[in-house]
Structures are given as structure tokens and as C-alpha cells.
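Only one structure is covered here, and it is reproduced in the block below.
Taken together, the values in this text are just the output of simple stated rules run on the coordinates, not laboratory data. Given the structure is predicted, the values throughout are model-derived calculations rather than measurements. So basically every Cβ, Gly included, is an ideal-geometry build from the backbone, and we count neighbours across all protein chains shown.
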DNA sequence: GATGAATGAGGGTTCATTCAT
DNA sequence: TATGAATGAACCCTCATTCAT
């Protein structure tokens, strides 16, 4: 039954999305299956038919996020010059954070708790980061980049890009953006790009002669 | 009388500290009074003798944090030159974050939830930030600073300094710091300082001729 | 479906009956959901599956009583002569009170507390009483009844009829009726009827020449 | 220490009055010692210093009420003619009910619960009622009173007089008396007197030639 | 698959009472 | 006496999960 399977998959996606929404708001312990079910538009009993436990659902969602990030974000050792690679990374990461803030929030929440459920996921994340460090080191050695600590450089980029998702509410207040409206992505991206390009001796996109 | 009052105050502080610890871990909804009591070394009933409700305790803690930050962190419009002022701010903020990461985590968690309990606290936070923006603008106009968006500059500093508290667990993994040991504060501070001083056209502390 | 719905309805009735029993004994504040559940033969959690809160259950029960009374007790402006109408009213009310004393007790308890939950119910009760007052006034004007204050006449009938429910325990002692046995309804009804018929100039059922 | 004793007695009276107020509202189970203490203007710990338990306090209050009633209300076999005796009784009882409604309410509440704490008090109450029955029977035999069931006659008088205390809130609504104002005692007394005098063949106070 | 019902555990809070000071 | 503190039980209610249909 391809149709049945399809429906099943759709249901799982609906549940996952609802779980992200709700876990992002109140964490694992603070989110009830009732609320997740409601958010997914199904009954609590129905939810428990599709998942085996709340913890397991959380784990799944976490894995999904980590996998997704690994797929999307990387400092490609490709043909791009460093400036483009970095600017692209920042833009991609920031747009993702602004569009799917709940994903960042859920992840941040998990880390802030001491990352008790991340056990199985560190490896691939670290691999991804180490790989990028190598790329950066390569650039530095090739004289294409001012010397930076590749790890802290990445962590700080991560810090800034994640921030606008997690602290959206605060950014909204400080930037006088009303509740419904989106944050000014371009302005944020421009400033972040400038910040990190200047750090490694590359001209920013800012005003040039 | 003084002894009794002192004991009472000590109890309230112990409770507040326990609350910060636990709320930081699991948020308002995910933290039980049971756990807070345990963490404070008292019984649940005893805890409820000292607090009027979990929500109220949370509010108190939140107020405490905001007030504390307002007192400690500011870009002083004092006699300091911009470089010193900014470096000092970053160092102070980062050392605080690394020493009391739970405070940052609790705050981050509240903001990530949409800041439902922050209603009464935005004003003073925003005032503090606006004030600092004025200082920065002054420096720029005086030609002491390259032109930056004062607000985004501050938000990004905040992002980076907060990050090492909230993402401590991740930083620990990426930086290969074992569980008991502290993160390398000096290294982090140096990089962050360099990052933001370079952004506004001031030489970093980095290698100079 | 019909079977399930029927079972559901039966459960709700069982709960309502248990609630009446228990609220009648100890009032809203003095009755625990535990006790209500026990009285209904279910678990506490099960009870809370069917009701939304103790207060709401109480409200429902109160509404049920008021509605029931409005339906059953009224001084019909029908073809009955006053004596029959009044005698019928007293008999109906007294038999109801003696058969379902808990209903009277629960209501009495609510009123004695200052009727904090009656807000929404006074209107229909007052309407019912005012309507009856009109009927009585009509009889008086038609010369069929000695002049009485229609309102106090009704209140006093209410007082006497309710009394044997609320004060059943006392009546039992004074009338030497052992615990299991019912009060002598006929004797009570006869005396009450006589009392109120004599008041308004109608011969009672008592000894006539 | 006469002064100390006096203060102690005053405290006990204050506590008793507070207990009557509060027990009248919510019954034994529904009233907390906290609330009683507050109503008496003392702390909970202080209250428990003066009483030995909530149950015992309730018992004391109940005993106080029964004793008080026994002292105040009785159909005196004195020199009064029946009409005066009955009218006096009704007036005294009604004025007491209207002035101290909480006493009536507390008593009613106890009886409605099945009078579990009255065990020790029935005897004197019944004795009092039986005594009055004798008086009434005497009057009937002397031809001074139409034949009535002495017991039901008394119970009904009790019903009507108590009613305006217990159902004060309802009477207030039906009689359009605003919350602060007292009920119209004279009107109520007149009607009740008329009712019971007519019952036993005595002219009411109503219009006479 | 989906739904209503059930349940044992736990959540926040209050309780009557006692104790130390 | 009076007060703040402490406690174990209870209170109302929600939880994650299971089961029958």
C-alpha cells in the first residue's frame, strides 16, 4: 500500500514538526505529549500509536536536526575563495536560523541542559567541525586568510548565527520589530559577514572605495 | 533576631541558587519544585513555606538576573578609550558567563520560549542597551571608532559572550576539554576581543609589530 | 456508538449523584475529589477524566438542581383552585425533599455560604418566584384568598418544606424515628398543609364539622 | 494573675467567634485553622496554642450554641397567655437568627451533615423540646389552643425562624434587599407570627375589629 | 488505524500540627 | 506566650502510557 505508507510518512513528519515546535518552547521535560498531539492535530492516543515514547521522539528529532545541519552547513573546500565560502556559510546559516528558529532553539536547549541526549551525535558534529578547521587551516597556510584560531572562529560564527534564532524575542524588542514582522535578515547578515571577514583580514561587503 | 533574619536570608539565597541551577537545566515548566527543594537541600513542603509559588520564584530569579546584569555590564561612557571599554566589557561578560553559566542559560531559555515572563523587565534592559548605543555613536562621531551599527555590534558581542555559557557542553566537546575542567577563558576572551576590536577598526590585542 | 455514549452518560450521572451526596455532606471546600470518586465507585484519576474541575462539577450540580426545581415546583396558574394548588405544591415539594434530601442540603449549604456560585442562577429562580407571586396576588384580588404577603408566604412554605430535608437528623431524633426508617411523610405533609391553608383563610384538611 | 486569666478568656472568645464565622461558611472540613486564626487576628501557631485541635474547637462551638439556645429559647410555661408566649418565642428566635445568622448556619450545617458531632448534645435539646410540648399540650387541654401536633408545630416554627438566617442570601435576592442592608425584621416577624397564631386558632396580630 | 477510557505516578500546593526559640 | 520553621499527609489535577473496542 504505497498510499498507506505515504500517509504514514506524512503523519510522522507532522508529528516531528509539532515536536520541534513544542520541544523548542519548553524542552523535553516541560512538554507534554498532549500538547505535541494537539499541535500535530491528532489525539494523544493516536500520537502514542506512532511514537514509542516521548524520549524516543525527542531523540529522533535531535538526530534529524544534527543530520540536517551536517548536510547543509559546511565550509566547502570547494572552488570558492575564502571570502565567498565564509559569506555563504554565514548567510545560509542565518537564513536558516531566522526561518526555522525552533530548530535552533531546541538544539540550544538540549545543549544548555548539558546535552544528556546528544551522546550519539557528538561524533558526527565534531567531525564536521574538524573538517572545516582543516579547510581554514589550509587557507591560512596558503596565505589566503589572516591567522585565526579555526575552532574559535567557527564557534563564534555559530554563536552569532544561532543567536538571532534563540534570542529572537529579545532582538525583536531591541530592534523595535513588532510581533508579527520578521527581523531584518539582510541587515543582520551584512553585519555578521563584515564582522567575520574583517576578523580574518578579508574586506567585508561594507563600503569600499 | 538578627540571627534568625540572617538564617532566613541564607535560606532564600540557597533557594534562589537552587532555582537558578534547576530552571537553567529544564526551564520553568520542566522543573519540579521537588527537584528545586532537593537541590536546595530541603523538603518540598519547606520550600513552599519560603516561596509563594513556582512561577513567582521564577519571576524573582529572572528579576535578579536582569538587575544583576544591568549593574555589572555597561559600556561606560567614562574616561576609558573605546578599545579599553570594549575589551573590558567583553572580558567581564565572558568571565561572568563562564563562572555562572546557569544564569545565562536560564535567561536564554526564557527568551527562547518567547520571553513570556519578561514583560516587566524589557524596559530596563532596553534602556541599558540604548544608553550604550549612544556611547558608541559618540565614539563614531568623534572619529574614534569605525562606523558600526551600534545595536548589532552590541547584540553580536552579547551573542558571542553568552554562547560559551549556553553551549558550554558543545564547546567542551569541540575544544576537547574534559568534563570537570574549565574552558580556557583566556583563549576565548582573546579571540572575542580581537574579533570585535577589528570590527570597529581598532587594533586587536593580537600580534603587533 | 450508542452503547459507548450511553455508558458515558451513565458515568456522568453516577458522578453527579456521587457529587450531590458528598457536596451535600461537606460543601464544596470540604469535599475532596477522592471522596467523590470513591462514592461513584471510580478512581480519582478516572473522575478527573470526566470532569474538568471540582468547581465546575459543583457548578453543574447546582445548575442541575435549580433547573430541576424550576421544572417541578411552581404554583400553577391553572384551573386548580387555590387550596388544591397550594396543597399540591406543598406535597410535591415535601415529598421531593424527603426523597432527595441531599439536593436540598447541597442547595442550603450553598446559600448559607453566601451563595458565591449562584451568580448565574438567581435570575431564573427569582423569575419563578415572581411568577408565583402574581398568581397569588390574582387569587387575592379575586377574593379567593385572604390577603397575604405573596413573597413571604412562599418563602415560609419553602422554609418548612426544605426543613425536613436539611434537618432530617434532628427531626429523626425529635420524632423518635430510628436511623434506617423514613420520616412520617403523611403526618408532616398534613400539618404543613394545614398551616399554610389556614394562613390564607382556606379550610385545612383538618377536622371539619 | 487575674489580668492574664482575663486576657486568656478574651482570647478564647475571640477564637470562638472567629470559629463560628468560618465554620458557618465552609463547615468543619472546609475550614482551615489558618483561616480561623486570620479571622481571630492571630497566627496559626498561636491558635494551636489555645486549642487542642480543630475538631475539638468545633465541638466546643457546637456545645456553646446548643447551651445558648437552651437558655434563650423555650416556650415558658409561665404566666403568659399562649398567644404572647408564642409571639414572644417567634420574635426572640427570629431576631436572634437575623442578628447572629452564623450560629444558625453552623448548626444547620452540622445537622445537614448527619449531625456526627451532636452525639452528646441531643439529649438536652430534646429535653427542651419535650418540655415545650408539654406546655402546649397543657394549653390545648385547657381549651386555650386549637389542637395541634405540639412537636410538628414547634419544628415548623423552628423551620421558619431558622430559615431567614440560613437562606439570608436568597431572601435578600427575593426581597430586593441590597447586600449591606439588613432584612426587614419586623415584616418577617409579623408574617411568621400571623402564620403560627392562625394555625392554633388564635387571632394574629393582623387587623382586628 | 483511531478513539474513549483507564491508571499509577507525580506535579504544585495546602493542611493540621509540632517544635525550637 | 508568641513566632518562625518544619513535616508528612492530603489535596486538586496532569502525566505518559496502555488497553479495549
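Chain D versus the axis that turns it onto chain C: the residue with the nearest Cβ and the distance in whole Å amount to D:30, 2.
For D:157, A:11, what's the fewest-to-most ordering of other Cβ within 10 Å of each Cβ?
A:11, D:157
In terms of surrounding Cβ atoms within a 10 Å radius of their Cβ, B:93, B:54, B:126 rank from fewest to most as B:126, B:54, B:93.
Distances between copies at residue C:201, taken between label points 7 Å from Cα along the C-beta direction, are 2.2, 10.8, 11.8 nm in increasing order.
Ordered by the count of other Cβ atoms within 10 Å of each Cβ, fewest first, A:167, D:100, D:58 give D:100, D:58, A:167.
Taking the empirical scaling 2.2 N^0.38 Å for compact globular proteins as reference, the protein assembly as shown has a Cα radius of gyration ratio of 1.40.
Distances between equivalent label points of residue D:99 across the copies, with each point positioned 7 Å along Cα→Cβ, amount to 4.3, 7.1, 8.3 nm, shortest listed first. Residues considered: B:21, B:172, B:95. Largest GNM mean-square fluctuation over chain B, using C-alpha springs under 10 Å, is found at B:172. Computed on the range A:68-149, the Cα convex hull volume stands at 106 Å³ per residue.
Averaging the Cα positions of each part gives two centres, and for the range A:102-122 and the range C:154-191 these lie 70 Å apart. The calculated 222 nm mean residue ellipticity attributable to helices in chain C amounts to -24000 deg cm²/dmol, summing -39500 (n - 2.57) over DSSP H runs of n ≥ 4 and dividing by all residues. Modelled spin labels at residue A:80 and residue C:127, positioned 7 Å past Cα toward Cβ, are 7.3 nm from each other.
With a 10 Å cut-off around each Cβ of D:126-136, the average count of Cβ atoms from other chains is 1. Structural descriptor for chain B: relative contact order 21 percent, calculated from alpha carbon pairs under 8 angstrom and at least 6 residues apart. Given the options C:37, C:29, C:190, which has the most mean-square fluctuation in a GNM of chain C, springs set between C-alpha atoms less than 10 angstrom apart? Top of the fluctuation ranking is C:29. Considering chain C as a Gaussian network with a 10 Å cut-off on Cα pairs, which listed residue, C:162, C:59, C:170, attains the greatest mean-square fluctuation? Residue with maximal mean-square fluctuation among C:162, C:59, C:170: C:170. Between copies, the label points at residue D:71 (set 7 angstrom from Cα along Cα-to-Cβ) are spaced 5.0, 6.1, 8.8 nm, reported in nanometres from shortest to longest. Take every pair of alpha-carbon atoms less than 8 Å apart whose residues are at least six positions apart; their mean separation over the length of the range B:1-51 yields a relative contact order of 31 percent. Considering all C-alpha pairs of the range B:61-199, those separated by over 23 Å amount to 37%.
With the largest listed first and rounded to whole Å, the semi-axes of the equivalent ellipsoid of the range D:1-51 from the Cα gyration tensor are 22, 11, 7.
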